[in-house]
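Student: One structure follows; several queries about it will come next.
The values are calculated or read from the model by the stated rules, or taken from the named source; none is laboratory data. Treat the numbers as computed from the prediction; the structure is a model and nothing was measured. Quick reminder, even Gly has a Cβ in these numbers, built from the backbone with ideal geometry, and neighbours come from all protein chains shown. Ligands, DNA and RNA are excluded from the accessible area calculation, which covers all protein heavy atoms including side chains. Shrake-Rupley method; radii C 1.70, N 1.55, O 1.52, S 1.80 Å.
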Amino acid sequence: MASIEITPEEQAELAKALTDALTPLAAAVRSRRSGRSTARMWDADPVEVTLSVLAAWKVVDTEVKRLTALAAATAGSYGANYEQLGAVWGMTRQGARKKWPDAVPRPAAAGARTGSSLELFGGTAELTQDQPSGGWSWTAEGADGTRGAAEDDTRYASKEEAAAHAGAFLREHVAALP
């Protein structure tokens, strides 16, 4: 596993930037806890002040974890696998899977979601998922024999949305009564 290393200078710059970004948050946390203005944040018991700073770091830590999970999921949506995610994070494939369980689509689940059929109003529709984009489309044949499909390059966000459009098509193309 390759780890990303930064120089001591980069680490010092990062620490300064993070501390500078944290100061307004720590002042706001301290102000809410003490009832004092943010300008008087440091005019208090040092333990209380440093606990406010620690509380602000907890907020930052939670946000970093959320953004990290989002970055892992985004990488997974573009095709990164758990081995790659783990390598970047300095852990095993299994560790990455445990840390971000939904970041990479599972092959079995993806295969199961690639298509299904729908029968309504005497006609049938096939719903298919485009693997690169994840979007859904449909093709159908109404009970009256009319064929139809989603417009060129139209991809729906969910299988249910594609099914609704296919269902509307099938409803418009029922067989004529004799």
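Student: Got a number for residues in segment 52-61 being surrounded by 15 or more Cβ atoms within 10 Å (Cβ to Cβ) and either free of Cβ contacts under 8 Å to residues at least 24 places away in the same chain or acidic (Asp, Glu) (or both)?
Tutor: The number of residues fulfilling the criteria is 0.
Student: Follow-up. In this structure, is Asp43 without any contact (Cβ under 8 Å) to a residue 24 or more places away in the chain, among the charged types (D, E, K, R), outside any helix (DSSP H, G or I) and open to solvent by 40 Å² or more (accessible area, probe 1.4 Å)?
Tutor: Working: without any contact (Cβ under 8 Å) to a residue 24 or more places away in the chain: yes; among the charged types (D, E, K, R): yes; outside any helix (DSSP H, G or I): yes; open to solvent by 40 Å² or more (accessible area, probe 1.4 Å): yes.
Yes; evaluated as a whole, the condition is true for this residue.
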